[in-house]
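The structure under discussion appears below in the form of structure tokens.
Only the coordinates and a few stated rules stand behind these numbers; no lab work does. This one's a predicted model, so the numbers in the text were calculated from it and none came from an experiment. Neighbour counts run over all protein chains shown; Cβ positions are idealised from the backbone, glycine included.
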Amino acid sequence: MHFAVIFKVLGILLTLFSLTLAPPILVSLWYDDGAVDSFVIAFAITFVTGMLAWLPVYKIKQELRTRDGFLVTSLFWTVLALFGSLPLLLAEATQLSVVDAMFESLSGLTTTGATVLTGLDYLPRSILFYRQQLQWLGGIGIIVIAVAVLPMLGIGGMQLYRAETPGPVKDSKLTPRITETAKALFFIYLSLTIACAFGYWLTGMTPFDAITHSFSTVAIGGFSTHDASMGFFNDSRTYLVCMFFMVLSGVNFALHFFAWRDKGITHYLKDPEFKFYVSMIGIGLVICVGYLLTTNIYPVEEALIKGSFELISILTTTGFAVTDFSIWPSFLPFLIFMFAFMGGCAGSTGGGIKMIRVLLMIKQGMREIYRLIHPNAIIPIKIGTKSVSDRIVEAVWGFFAVYVVSYLTMCVVLLATGLDFVTAFTAIGACINNLGPGLGEVSTHYGNINSTAKWVLCFAMLLGRLEVFTLLVLFTPAFWRK
């Protein structure tokens, strides 16, 4: 393990992260909201720590090995979340404990959107801006790591595209160099953010709300500057803009890259995961809106808008709300919640298991049924026109097995802390899928649950964001052996 290089990378990351505190400082000075001191102190601590980590090893030049990559990827989120919690911990307006500040920061960076804060409408503007910015930074971090870094480590969803599917990611990079890949992805991410903010502004949002909500929309984060979330704006045009960009942000960013490069949408139409993603949204909308219409809970137009919004928000693991879907009748809240387990596409800012894995598991299940009927038949699994190797199918099922075991284990731990079953089950699901809102006590916020449960949920957020194996591999003795 090359610890010197790891410290060098983390030192650079912390130093760069400290610079991201400049915008909240400017916002605080602009609105004179009294929170500037907390950001200045947090900046000083983060910058100095980053320099202290970097200076002793800055001359060392070594290549990161695969094991180093696993550790750096995991530390990327934990270290930044730790230092990202400082402004929230230091601000007088928030009055957060250490666990609450860490929970809020990690929830932002992993784009989970679970919050312990209430009274958002009365918090300093700089704190509100900072929370949204955390999600935006986390979103681009997810994209770059998922598309440019994880494939080389042989983990995550994107390696499924290497040779097994046609189109955008036949090999592990969109462009020959990782830096060029990162630049291209950042350009697309920034362009979507600007377009989303402009769309919100056209629907009547203030510039502040338009910018901050574009951050959390494109990042599929779900943080809002208002307790009522998107419901605060009470405008169908705003909801439509939000739905459009939630769906767009749940798509593999490699497809966006090639659509931008080739000036066409052919790659979308040919991509099996995208088609499966759209079909799942369509099925969900039919069930959700149809049930709301048949039960006469809302007038027709309201049922169409609210049903569509909540389904898309939950399925893409964004977590915005225009109403409290947890009080909808019968099976509907649980059905909508279960859609979040599929999540977005691989290489998107969405959470969940990822559509490509779900598609492969369905195809594998169908293959086993056919094998019962035709025991001697050779039945390949295909994604599009390309056959998927059994090694990848095994990896997907291995991922799913570990995912389920981890889910159930953490659920039992939460039950042991005193939470009821619905709260425990959905809180773990909301955090491991990076969704945010759950059911029961966590349908609106997580502030009332105990501290032990919050630490468990922090681990669940990391586990979900790091695609399970990336984090769990650090707990195996073999990883640390020479």
Set of aspartates and glutamates near LYS382 by C-alpha distance (under 19 Å), chain-local residues within fewer than 8 positions excluded: GLU164, ASP171, ASP271, GLU273, GLU368, ASP390, GLU394
Extreme residue, positive dipole direction of the chain, given options PRO124, SER451, TYR277 (C-beta unit charges): TYR277
Using amide H atoms built 1.01 Å from N in the peptide plane, name the residues 5+ places from LYS382, or on other chains, whose amide H lies under 5 Å from its own. VAL388
Separation between Cα centres of the stretch 18-66 and the stretch 381-439, rounded to whole Å: 34 Å
At most 13 other Cβ within 10 Å, DSSP loop - trypsin sites (Lys or Arg not before Pro), the stretch 61-125: LYS61, ARG65
Mind ranking 364-370, 219-225, 81-87 by how tightly packed they are, going by the mean number of other C-beta atoms within 10 angstrom, highest first? 219-225, 81-87, 364-370
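Give the peptides 347-356, 185-194 in descending order of average Cβ contacts within 10 Å, highest first. Kindly include the intermediate steps, with their values, before the conclusion.
Numbers: 347-356: 28.9, 185-194: 17.1.
So the order, starting with the most tightly packed, is 347-356, 185-194.
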Check: the chain dipole with +1 on Lys, Arg Cβ and -1 on Asp, Glu Cβ, in debye: 2140 debye
Quick one: which of 35-47, 403-415 comes out on top by average Cβ neighbours within 10 Å, and what's the full order, highest first? 35-47, 403-415
Could you sort out which of LYS61/LYS183; LYS363/LYS454; LYS8/LYS454 sit more than 25 Å apart by Cα distance in this structure? LYS363/LYS454; LYS8/LYS454
